[in-house]
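Asker: Structure incoming, see below.
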């Protein structure tokens with residue numbers, strides 16, 4: 001059991017996690033850009049994913065919302081070109097799989 005499991009997050013950590021989630025929404029799930037925007041290190045973001053199930057679920061929810069937005073946008077932009085839509089879904093599925101693998105460890 002690591003320190004994260006033994007204690008509640010500090011107020012500062014809670015604020016930073018919320019800020020990171022907002023930045024992920026703004027950047028449509030781009031972790032690097034969200035980290036730059038929020039001031040959170042990528043390593044810290046991934047540590048949170050590993051240690052905090054609720055946080056990793058919130059991140060997955062951002063990716064799901066982003067995927068829905070992307071699908072709606074692509075469908076409007078490409079009409080019948082389903083190949084582009086399928087490529088976008090595969091990219092999102094890879095992200096979700098990565099997050100799921102990290103949070104399980």
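Computed from the coordinates by the stated procedures, all read-outs in this text should not be read as laboratory data. What you see is a predicted model, and the numbers here were worked out from it, not measured in a lab. Cβ placement follows ideal geometry from the backbone for every residue including glycine, while neighbour counts extend to all protein chains displayed.
Asker: Classify the chain from the C-alpha gyration tensor, please: rounded if a/c falls under 1.5, else prolate or oblate depending on whether a/b exceeds b/c.
Answerer: Working: a/c = 3.02, a/b = 2.01, b/c = 1.50.
It is prolate, given that a/c is not under 1.5 and a/b is the larger ratio.
Asker: Mind pulling the angle between the C-alpha long axis of helix 82-104 and the longest principal axis of the chain? Nearest 10 degrees, somewhere in 0 to 90.
Answerer: It is inclined by approximately 10 degrees.
Asker: Under the definition of Cα pairs under 8 Å and six or more residues apart, what whole-number percent is the relative contact order of the chain?
Answerer: It comes to 27 percent, rounded to a whole number.
Asker: Continuing with the same structure: Could you put 47, 83, 52 in order, starting from the residue whose Cβ has the fewest other Cβ atoms within 10 Å?
Answerer: Working: 47 14, 83 9, 52 18.
By the 10 Å Cβ count, ascending: 83, 47, 52.
Asker: What ranking of 62, 82 emerges when the number of other C-beta atoms within 10 Å of each C-beta is taken as an exposure proxy, fewest first?
Answerer: Ascending number of Cβ neighbours within 10 Å: 82, 62.
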